[in-house]
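This report refers to the structure that appears directly beneath it.
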Amino acid sequence: MSNLEKTLSIIKPDAVERNLTEQIKSIFLSNGFKILNEKKLQISKNEAEQFYLVHQSKPFYNDLCSYLSSGPIVVMILEKENAIKHNRDLMGATNPKDAKLGTIRKQFGLSIDKNSVHGSDSLENATLEIEFFFKD
Ligand code: IDP
Ligand code: MG
């Protein structure tokens with residue numbers, strides 16, 4: 001059965017800063033994702049705190065929000081059959097050290113916090129995260 005999904009992808013500041021945007025986009029395209037919409041922007045710390053609200057109680061929350069707002073990011077709506085899981089698989093584990101060969105985080109991630117990409121983890125969060133960045 002067909003299950004065309006949209007998911008939100010973010011190329012994080014560490015990767016944008018290293019000029020990896022085009023390389024990472026080409027990985028998505030060659031893996032069958034369509035990029036329906038994209039924009040480059042820098043968010044405020046306050047916006048990062050809203051975006052990562054589910055992690056509010058975590059010890060790394062403040063650093064995470066400072067980091068995501070520290071420089072330009074590229075946000076994209078990706079579309080594919082089962083896009084949410086396929087994107088998570090393609091990104092690899094949160095800690096690049098644990099990410100499998102061939103994943104984006106294995107290839108480009110610097111550390112558990114500077115891990116180059118974000119991807120929605122569920123249908124519910126994909127909808128909320130797309131709305132967060134592309135409401136207008
Ligand atoms: P995910 O990005 O693989 O979905 P989450 O657990 O949702 O991972 O965490 C969100 C982000 O918070 C991660 O991508 C990473 O940048 C950061 N993070 C997660 N765990 C840690 C940690 O233990 N120390 C520092 N940063 C972390
Ligand atoms: Mg997550």
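The values are calculated or read from the model by the stated rules, or taken from the named source; none is laboratory data. Keep in mind that this is a model prediction, so the values were computed, not measured. Cβ: placed from backbone, ideal geometry, glycine included. Neighbour counts: every protein chain shown. Side chains included, ligands, DNA and RNA excluded: accessible areas come from the protein's heavy atoms. Shrake-Rupley method; radii C 1.70, N 1.55, O 1.52, S 1.80 Å.
What to note about this one:
- Residues in segment 7-38 reached by a label modelled at ASP113 [backbone nitrogen below 15 Å; 7 Å Cα→Cβ]: 13-15
- Fraction of accessible area attributable to carbon and sulfur, the chain (%, probe 1.4 Å): 51
- Spatially proximal aspartates and glutamates relative to LYS34 (Cα-Cα < 12 Å; intrachain offsets below 8 disregarded): GLU5, GLU79, GLU81
- Here the gap between SER26 and LYS45, fully extended at 0.36 nm per residue and compared with their Cα-Cα distance, gives a gain of 3.9 nm.
- For segment 40-101, averaging the sequence separation of C-alpha pairs within contact (under 8 Å, six or more residues apart) and dividing by the residue count gives a relative contact order of 36 percent.
- Sequence-distant lysines (8 or more away, or on other chains) whose Cα lies within less than 20 Å of LYS40: LYS6, LYS12, LYS25, LYS114, LYS135
- The distance linking segment 1-22 with segment 55-114 is 9 Å (Cα centroid to Cα centroid, whole angstrom).
- Per-peptide average of other Cβ atoms within 10 Å, ordering 41-50, 10-19 highest first: 10-19, 41-50
- With the whole protein complex present, THR94 retains an accessible surface near 70 Å², based on a 1.4 Å probe.
- Taking the square roots of 5 times each eigenvalue of the Cα gyration tensor of the chain, largest first, gives ellipsoid semi-axes of 21, 18, 15 Å.
- Residues in the chain average 56 Å² of solvent-accessible surface per residue, probe 1.4 Å, ligands and nucleic acids excluded.
- Across LEU101, LEU78, LEU68, mean-square fluctuation computed from a Gaussian network of the chain (C-alpha pairs under 10 Å connected) peaks at LEU101.
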